[in-house]
Amino acid sequence: MKVLVVEDEVLIAMDIETLLIEHGHLVLGPACSIVDALHLLDAECPDVALLDFNIHDQPVTPVAERLRDLGVPFILTSAYDAKELRKYDALTEAQFVKKPFDDHDLLRALARAGP
Amino acid sequence: MDLDDLYRLLRGAHVQAQGIVDTVRDPLLVMDEDLCILSANPAFYRTFATGRDDSLGKRFEQLGDGQWQIAELQFLLEKVIPKSSAILDYEVTAEFPKIGPRTMLVSAQRLVHPEDGRRLLLLSIVDATEQRGKDNEKDLLIGEVRHRVKNLLAVTRALAKQTSVAGRTAEQYRDTFLGRFGALARALEVTIDRSSSDLPDLAKAVLEPYAGDGQTIKIDNAPVVPLQARQAMSLGMILHELATNALKYGALSAQGGQVALSWTTGKEQDGLEQVHMQWTESGGPAPVSPSQKGFGTRLIRSAAERELGGKVDLEFRPGGLVVSQSFPLRAQ
């Protein structure tokens, strides 16, 4: 699958990238900012997206809204509680993976979200 | 003094009680059975920036301009006198005339008039706005700290996983991991001291374990550059990777080898302030271009290009590695 990764922590982004490549996925990004993520989406449409909820102290909602319009399922990751995320309309439907997560949590969520 | 004491005082010696009521710092109202205001203490007039004419003789819900018209509170107040029930800290948050948005805690209890036995209602109002503001700030802060701690655990976990075990003994793995973890901790330490941190402090803190007597890594031309916490963490990790690489394979692996670190700032054509940083190794063995997939190279590229939003160039010159990077200064 082609997976868009939006994550502003460099080390976590690198880790997710490694994991996804190891499991035969194609990584779009990782994007470190909302602007970068939107730019990537202008050029390419992923099968699924993995979004960190908080990108440089901003909610990732602009990216979530674009993905919703594109019909791309996405998974949210965050060290915040799920209830914090549910305040945003665009995020209510998405799967949530709590940080810190292990590889299985992430791969399982991807398998559920994927086409 | 609680309301019970006040009640006793009012029964026994109402003249003295008047003086006491007047000095109570929270607003107090005495109302009759129809919730008409019979008297108010100075704190009431002060808190609500109002006077006797606008208060006495009015019904409670007519005070202000509608903030007290709350069906539930009305219902509770109406039960205080006949049922001798009490109201404790009923919260009213509203925009009050002249004094603005406030959170008030209303308490009420029945009183019996010492002379004619009339049943009255004593109502106290505590302005809890400031306290609520502090509580909210505290809750926000605790939430933020919880988030940061969990995030830091996630980062540490990623660091442990990204530090490769291939070709390393357990001891080497541990030392490599702890070296990186230490750099992260040092960068964090610098950023925790203040909300923003300065580049010289960060570079000194991260490179201190490698700087030896101050001759091996020289920090020249180092103007103060304010950094955001995130930028500091990224730069700290980059500098650490460069230093460990220099120690293992580069200039610092040889006797007499040196690293010069310097940076300048300047405005670009787009008007954004940019930081240009140069890491220059000399006096060591001729460098070999490392694996593009190695942790150090990946981290340096990711952090410099994605996180810092800048550019980085690694040149393996015969005289030693030269790393030039530039990134925009972000608003503080």
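Rank B:Ser253, B:Ile125, B:Pro223 by how far each Cα sits towards the positive end of the charge dipole of the protein assembly as shown (+1 on Lys, Arg Cβ; -1 on Asp, Glu Cβ) and give me just the farthest.
Selected residue: B:Ser253.
Run the accessible area of the protein assembly as shown with a 1.4 Å probe and give the carbon-and-sulfur part as a rounded percent.
Within the protein assembly as shown, the accessible surface is 52 percent carbon and sulfur.
Cα axis of helix B:229-248 to longest principal axis of chain B: angle in degrees, 0 to 90, nearest 10?
Approximately 20 degrees, to the nearest ten.
Please determine, in degrees from 0 to 90 and to the nearest 10, the orientation of helix B:14-23 with respect to the longest principal axis defined by the Cα atoms of chain B, where the helix direction is its Cα long axis.
Tilt relative to chain B: about 20 degrees.
Dipole size in debye (nearest 20) for the protein assembly as shown around its Cα centre, Lys and Arg Cβ +1, Asp and Glu Cβ -1?
Charge dipole of the protein assembly as shown: 780 debye, to the nearest 20.
Would you work out the relative contact order for chain B, in percent, from Cα pairs under 8 angstrom that are 6 or more residues apart?
10
Sticking with the crude label model, points 7 Å out along Cα→Cβ, report the distance from A:Leu38 to A:Ile21 in nm, one decimal please.
2.9
Using a 1.4 angstrom probe with every protein chain in place, what is the largest-first accessible-area order of B:Ile219, A:Ile12, B:Ile142?
Reading off the accessible areas and sorting them downward yields B:Ile142, B:Ile219, A:Ile12.
Using a 1.4 Å probe and ignoring any ligands, DNA or RNA, find the accessible area of B:Ser39 and quote it in Å² to the nearest 10.
About 50 Å², rounded to the nearest 10.
Once both labels are modelled 7 Å past Cα along the beta-carbon direction, what's the B:Ile70-B:Gln131 spacing in nm?
1.5
Rounded to the nearest 10 Å², what accessible area does A:Val10 show when all protein chains are kept and the probe is 1.4 Å?
A:Val10 exposes around 20 Å² with every protein chain in place.
Taking trypsin sites (Lys or Arg not before Pro) as candidate sites, keep only those in a DSSP loop with at most 15 other Cβ atoms within 10 Å, then name the longest stretch of chain A containing none of them.
A:1-85
Is there a quick way to get the dipole size of chain B? I mean about its Cα centre, with the Cβ of Lys and Arg at +1 and of Asp and Glu at -1; what is the value in debye to the nearest 20?
Result for chain B is approximately 1360 debye, rounded to the nearest 20.
Would you kindly find the accessible area of A:Tyr88, with a 1.4 Å probe and non-protein molecules such as ligands, DNA and RNA excluded, rounding to the nearest 10 Å²?
Rounded to the nearest 10, that gives 80 Å².
In peptide B:153-165, how many Cβ atoms from other protein chains are near each Cβ within 10 Å, on average?
The shielding value for this peptide is 5.
Between segment B:13-89 and segment B:298-332, what is the C-alpha centre distance in whole Å?
68
Under a GNM of chain B (C-alpha, springs under 10 Å), which listed residue has the highest mean-square fluctuation: B:Gly182, B:Gly310, B:Gly19?
B:Gly19
Hey, what's the protein assembly as shown come to in accessible area per residue, 1.4 Å probe, Å²?
51
Specify which residue in the list A:Val35, A:Ala90, A:Met1 is farthest towards the positive end of the charge dipole of chain A, using unit charges on the beta carbon of Lys, Arg (+1) and Asp, Glu (-1), about the Cα centre.
A:Ala90
Quick one: order B:Lys293, B:Lys248 from most to least accessible surface, probe 1.4 Å.
Putting B:Lys293, B:Lys248 in descending order of accessible area: B:Lys293, B:Lys248.
For segment B:69-170, state which GluC sites (Glu not before Pro) are in a DSSP loop and have at most 13 other beta carbons lying within 10 Å of their beta carbon.
For GluC sites (Glu not before Pro) across segment B:69-170 that sit outside H, G, I, E and B with at most 13 neighbouring Cβ atoms in 10 Å, the list reads B:Glu115.
I'd like the mean, over residues of B:145-151, of how many other protein chain beta carbons sit within 10 Å of each residue's own Cβ.
4
Quick one: if you stick a label point 7 Å off each Cα along the C-beta vector at A:Leu107 and A:Cys45, how many nm between them?
Output for this residue pair reads 2.9 nm.
So what's the angle, to the nearest 10 degrees on a 0 to 90 scale, between helix B:71-83 and the longest Cα principal axis of chain B?
Roughly 50 degrees, rounded to the nearest 10.
For segment A:70-111 and segment B:106-169, what is the centre-to-centre distance using only Cα atoms, to the nearest Å?
A separation of 26 Å, based on Cα centres.
Take every Cα pair under 8 Å in segment B:3-127 that's 6+ residues apart, average their separations, divide by the length, and report that relative contact order as a whole percent.
Value for segment B:3-127: 25 percent.
Which of the GluC sites (Glu not before Pro) across segment A:29-115 are loop residues per DSSP, with 12 or fewer other Cβ within 10 Å?
Hits after loop and neighbour filter: A:Glu44, A:Glu93.
Set Lys and Arg Cβ to +1 and Asp and Glu Cβ to -1, take the dipole of segment B:133-176 about its Cα centre, and tell me which of B:Gly167, B:Leu140, B:Asn151 lies farthest positive.
The listed residue farthest towards the positive side: B:Gly167.
About the Cα centre, and with charges only on the beta carbon of Lys, Arg (+1) and Asp, Glu (-1), how big is the dipole of segment B:3-127? Nearest 20 debye, please.
It works out to roughly 220 debye.
In terms of solvent-accessible area of protein heavy atoms at a 1.4 angstrom probe, what is the ranking of A:Met1, B:Met104, highest value first?
These residues rank, largest area first, as A:Met1, B:Met104.
Please tell me which of these pairs span more than 32 angstrom C-alpha to C-alpha: B:Lys58/B:Lys134; B:Lys248/B:Lys311; A:Lys2/B:Lys267; A:Lys2/B:Lys248; B:Lys134/B:Lys204; B:Lys161/B:Lys267?
B:Lys58/B:Lys134; A:Lys2/B:Lys267; A:Lys2/B:Lys248; B:Lys134/B:Lys204; B:Lys161/B:Lys267
Within 10 Å of each Cβ in peptide A:67-79, how many partner chain Cβ atoms are there on average? Round it to a whole number, please.
Mean shielding count: 1.
Which percentage, to the nearest 5, of the DSSP beta bridges contained in chain A is antiparallel?
Here the antiparallel bridges make up roughly 10 percent for chain A.
The values are calculated or read from the model by the stated rules, or taken from the named source; none is laboratory data. Model, not experiment: these values are computed from the prediction. In this analysis, Cβ positions are derived from the backbone assuming ideal geometry, glycine residues included, and neighbour counts consider all displayed protein chains. Protein only, heavy atoms only, side chains kept; ligands, DNA and RNA dropped before computing areas. Shrake-Rupley method; radii C 1.70, N 1.55, O 1.52, S 1.80 Å.
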